[in-house]
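The values are calculated or read from the model by the stated rules, or taken from the named source; none is laboratory data. Keep in mind the model is a prediction, meaning the values are calculated, not measured. Here the Cβ positions follow ideal geometry from the backbone for every residue, glycine too, while neighbour counts run over all protein chains shown.
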Amino acid sequence: MNSNAYKISLSYNQVLELVKQLPKKDKARLSKELAKEAIDTRLTRLLNSFSANELTENMINKEVEKVRAEICVRKKEN
């Protein structure tokens, strides 16, 4: 985001209408960014729920596979 950007308040429906006007390529880019944000949020929540001593490599691998499966499903839906 450039430093001269303006911040405005928009409702969900207003944002949705703007997104509908985007070209398909930009919609795909936006979708990827939203997915990354959701994954980051879930991973942060997961990491915060365990102390460092209780988090095993196996647990991390299971969560990674779960997230990868979710991404795969989303890609097939688009």
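Just give me the residues in the stretch 22-70 being of a type in the set (S, T, N, Q) and surrounded by 10 or more Cβ atoms within 10 Å (Cβ to Cβ), in sequence order.
First, the residues of the stretch 22-70 that are of a type in the set (S, T, N, Q): 31, 41, 44, 48-49, 51, 53, 56, 58, 61.
Answer for the stretch 22-70, where residues must be of a type in the set (S, T, N, Q) and surrounded by 10 or more Cβ atoms within 10 Å (Cβ to Cβ): SER31, THR41, THR44, THR56, ASN61.
Being modelled with pLDDT of 90 or more and either in contact with a Ser or Thr (Cβ under 6 Å, 6 or more places away or on another chain) or hydroxyl-bearing (Ser, Thr, Tyr) (or both) is the filter here; which residues of the stretch 8-67 pass it?
Of everything in the stretch 8-67, those that are modelled with pLDDT of 90 or more and either in contact with a Ser or Thr (Cβ under 6 Å, 6 or more places away or on another chain) or hydroxyl-bearing (Ser, Thr, Tyr) (or both) turn out to be SER9, SER11, TYR12, SER31.
Given the condition within 17 Å of the chain's Cα centre (by Cα) and touching a residue at least 24 places away in the same chain (Cβ under 8 Å), answer yes or no: does some residue in the stretch 14-22 qualify?
No, that holds for no residue.
Can you tell me which residues in the stretch 25-44 are hydroxyl-bearing (Ser, Thr, Tyr) and either within 26 Å of LEU55 (Cα to Cα) or without any contact (Cβ under 8 Å) to a residue 24 or more places away in the chain (or both)? Step through it out loud before you land on a result.
The initial filter retains those residues of the stretch 25-44 that are hydroxyl-bearing (Ser, Thr, Tyr), namely 31, 41, 44.
Hits for the stretch 25-44 are THR41, THR44.
What do you reckon, is VAL73 in contact with a helix residue (DSSP H, G or I) (Cβ under 6 Å, 6 or more places away or on another chain) and of a type in the set (A, V, I, L, M)?
no
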